[in-house]
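**Q** Below you will find the structure I want to go over with you.
The values are calculated or read from the model by the stated rules, or taken from the named source; none is laboratory data. Just so you know, these numbers come straight off a predicted model, no measurement behind them. Neighbour counts are summed over all protein chains in view; Cβ atoms, including those assigned to glycine, are modelled from backbone coordinates with ideal geometry. Just the protein is used for accessible areas: all its heavy atoms, side chains included, with ligands, DNA and RNA removed. Shrake-Rupley method; radii C 1.70, N 1.55, O 1.52, S 1.80 Å.
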Amino acid sequence: MSDAPTPAALVADLVDLLDVEEIDTDLYRGRRSTDGVGRVFGGQVIAQALQAAQRSAAAEGKVAHSLHAYFMRAGSEEHPIIYRVVRDFEGRSFATRRVIAMQRGQPILNMAASFQLLEEGFVHQDVMPDVPPPDALSSEIALRRAVADRIPERLRQQLLRPR
């Protein structure tokens, strides 16, 4: 029997990690990952920044439809990340937000996001190609294990950790 976490537990941990704690109006704190790799994964910082921005636009029923993010410097797993939201524009249909993610008083990310009320509109989508269903494919961990012997020893543990 394996001690590896279940996929459901991994997803629950990720959802928890990407949530933000409201400290004050338009001021949030992001949870820290404890993976022990030292640097914060950029996708985590963007996701937490988007969560903070979304909280300020959700009351009006607006959802994110675009964002631009600029990394200023590397983030550290050792310190919390503080997200400051600036409400630049609030219209009937659209809203814009800027988010500054900071650690120890230094910005690590600047993000601009735009939000819009959901509306009916044109839908453009290609027909789904004929592909095998997900359950018929090899799992990610099985694919990683198949090539593990070709990965340098110092990176192997990180590659094979449950995701």
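**Q** Which value results for Rg/Rh of region 77-163 when Rg is the Cα radius of gyration and Rh the Kirkwood radius based on the inverse mean 1/r?
**A** That ratio is 1.17, to two decimals.
**Q** Per residue and in cubic angstrom, what volume does the convex hull of the Cα atoms of the chain have?
**A** 180
**Q** Next question, about the same structure. When the accessible area of the chain is split by element with a 1.4 Å probe, what percent falls to carbon and sulfur?
**A** 56
**Q** Quick one: 3J(HN,Hα) in Hz for region 39-53, Karplus 6.51/-1.76/1.60 with θ = phi - 60°, rounded, Gly and Pro as x.
**A** So the J values, rounded to whole Hz, are 9, 7, 5, x, x, 5, 5, 5, 4, 5, 5, 5, 4, 4, 5.
**Q** Okay, moving on. Would you mind checking which residues have amide H under 5 Å from ARG31's amide H? H placed 1.01 Å from N; only 5 or more apart, or other chain.
**A** Placed amide hydrogens put GLU21 under 5 Å from ARG31.
**Q** Anyone know which of SER33, SER66, SER76 comes out most mobile in the 10 Å Cα GNM of the chain?
**A** Its mean-square fluctuation being the largest, the pick is SER66.
**Q** Let me ask another. Gap in Å between the Cα centre of region 99-116 and the Cα centre of region 17-73?
**A** Value for the Cα centre distance between the two parts: 8 Å.
**Q** Evaluate the relative contact order of the chain (contact order divided by residue number), counting alpha-carbon pairs under 8 angstrom at least 6 apart; express in whole percent.
**A** 20
**Q** Follow-up question, since we're still on this one. Rolling a 1.4 angstrom probe over the protein heavy atoms, how many square angstrom per residue are accessible across the chain?
**A** In whole numbers, the chain has 71 Å² accessible per residue.
**Q** Here is a follow-up. Among 141-152, 126-137, 9-20, 93-104, what's the highest-first ranking by average C-beta atoms within 10 angstrom per residue?
**A** Per-residue mean Cβ counts within 10 Å order the peptides as 93-104, 9-20, 141-152, 126-137.
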